[in-house]
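The values are calculated or read from the model by the stated rules, or taken from the named source; none is laboratory data. The structure presented is a predicted model; accordingly, all values stated were derived computationally and were not measured. FYI the Cβ positions are ideal-geometry reconstructions off the backbone, even for glycines, and counts take in every protein chain you see. We work out accessible area using only protein heavy atoms, side chains counted, and drop any ligands, DNA or RNA first. Shrake-Rupley method; radii C 1.70, N 1.55, O 1.52, S 1.80 Å.
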Amino acid sequence: MVFCFGSTKDSAFSVYSAKERYGEDWIRQHFYHLRATGEYCDLFQRDILQQAKQIKEWAVFEGVPVLCVHYDAIWDHQNDISEFTGLKMKLPKREQRAPKEIPTELRSAASQVYDSIDEIVEELPRCFIASPKFADIVAKLPV
C-alpha cells in the first residue's frame, strides 16, 4: 500500500477549486469516497474530509506494509516507491500547482482549521514505512 499525504490546507483548497472545474457531482462523489463528515460549505469550518484521521491511522498501520509519501516528495522518492511496490515508477516532469483563487475570508478560516494539523504533518518524514514509532507524532493530530 502506498499512502500519499500532504498539506491538509492545500488539499482543502484543491477540493474547493475542484467544484468549479468538475462540478457538484464530483464533489458529492469525492465526499462520499472520503466519508466526509460534513458538506462542501463546511470545508473551512473543520476537517470534514478527515485528513488528520487518515494520516493518524495510516502512519502507524501494521496490517500490511505501507509506504507513506508526502505529496511534495513523490518526485524525489520515485526509486523508493518503485522498490517498495516492485513496479517501475517514472513520473512525468513535475509541474507547479496552479494557484487557487480562494477568497481572503476563506483562506483565513482555512488557516484556523488546518494550520495546526499541517504543523504536525510537517514533523513526519517525507517518505517512511508506517510504524508505531510515529505514534507520538500522530497522536497530536486533532481527531
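Some notes on this structure:
- With every protein chain in place, the chain: carbon and sulfur % of accessible area (1.4 Å): 51 percent
- Taking amide H as placed 1.01 Å from N in the peptide plane, Cys4 has its amide H under 5 Å from the amide H of Val69, each at least 5 places away in sequence or on another chain.
- Helix 24-33 vs. the chain, principal-axis angle (Cα, 0 to 90°, nearest 10): 40 degrees
- Accessible-area rank, largest first, for Cys4, Cys127, Cys68, Cys41: Cys41, Cys4, Cys127, Cys68, with all protein chains present and a 1.4 angstrom probe.
- For Val2 and Glu101, the FRET efficiency from 1/(1 + (r/R0)^6), where r spans their Cβ atoms and R0 equals 35 Å, is about 0.70.
- MRE, 222 nm, helices only [DSSP H, n ≥ 4, -39500 (n - 2.57), over the chain, to nearest 500]: -13000 deg cm²/dmol
- Cβ-Cβ FRET estimate between Ser17 and Lys88, R0 fixed at 35 Å, reported to 0.05: 0.60
- Taking each of Lys19/Lys140; Lys9/Lys93; Lys9/Lys133; Lys100/Lys133 in turn, the alpha-carbon distance tops 29 angstrom for Lys19/Lys140; Lys100/Lys133.
- Between 0 and 90°, nearest 10: helix 104-121 axis offset from the chain longest Cα axis: 20 degrees
- For the chain, the relative contact order works out to 38 percent when only alpha carbon pairs closer than 8 Å and six or more residues apart are counted.
- Thr104 accessible area, 1.4 Å probe, all protein chains in place, Å² to nearest 10: 110 Å²
- Accessible-area ranking of Phe84, Phe61, Phe13, largest first, probe 1.4 Å: Phe61, Phe84, Phe13
- Accessible-area rank, largest first, for His77, His70, His33: His33, His77, His70, with all protein chains present and a 1.4 angstrom probe.
- Put a plus charge on the Cβ of each Lys and Arg, a minus charge on the Cβ of each Asp and Glu, and nothing anywhere else: the dipole of the chain about its Cα centre is then about 320 debye.
- Degrees between helix 8-22 axis and first principal axis of the chain (Cα, 0 to 90, nearest 10): 60 degrees
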